[in-house]
Amino acid sequence: MAATINQAFDERPPVSMLLVFEYYDGLKTGAGLDVETFKSQFRSLAKVDKYAVVGAPSAAATLINVMDNVIPVDARTFDASDQQAA
C-alpha cells in the first residue's frame with residue numbers, strides 16, 4: 001500500500017485520502033517498519049490535503065482527532081454509517 005501511495009504522491013498534486021476500516025483484524029507485525037511506509041508517512045505531511053477515516057477503532061479515531069490539531073492535514077474520522085459524508 002505504501003508503494004501505491006508514494007506513486008500517487010509522485011504523480012499528483014496534494015491528494016485527499018479515504019481509509020475505510022471494513023474488515024480490520026489488527027495490525028500486521030512489522031508492517032510499520034518498512035522503508036516505503038516511513039517514506040509515505042513523512043511525505044504525507046506535504047502531499048495530503050484531506051484525510052478521512054471511516055469506522056476506525058476507537059483508539060485510532062482518538063489519535064487521528066488529536067493529530068488533526070497538530071499536523072497540516074485536514075484529518076477527520078467518521079462512523080461506519082457515515083461513509084458517504086466522508
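The values are calculated or read from the model by the stated rules, or taken from the named source; none is laboratory data. All values derive from a computational prediction rather than experimental measurement. Positions of Cβ are backbone-derived with ideal geometry, glycine not excepted, and every protein chain shown enters the neighbour counts.
Taking the residues in the stretch 46-70 that are within 13 Å of Pro14 (Cβ to Cβ) and not aromatic (Phe, Trp, Tyr) as candidates, determine which candidate is surrounded by the most Cβ atoms within 10 Å (Cβ to Cβ).
Here the residue is Val48.
Of everything in the stretch 3-39, what is modelled with pLDDT of 90 or more, over 22 Å from Phe78 (Cα atoms) and touching an Asp or Glu at 6+ places or on another chain (Cβ under 9 Å)? Give them in sequence order.
Scanning the stretch 3-39 gives Ala3, Asn6.
Cβ contacts < 6 Å: first residue under 25 Å from Ala46 (Cα atoms) and surrounded by 11 or more Cβ atoms within 10 Å (Cβ to Cβ), restricted to the stretch 13-31; second residue of a type in the set (Ser, Thr, Tyr) and at pLDDT 90 or above, any location; separation 6+ or different chain. Result?
Filtered contacts from the stretch 13-31: Met17/Tyr51.
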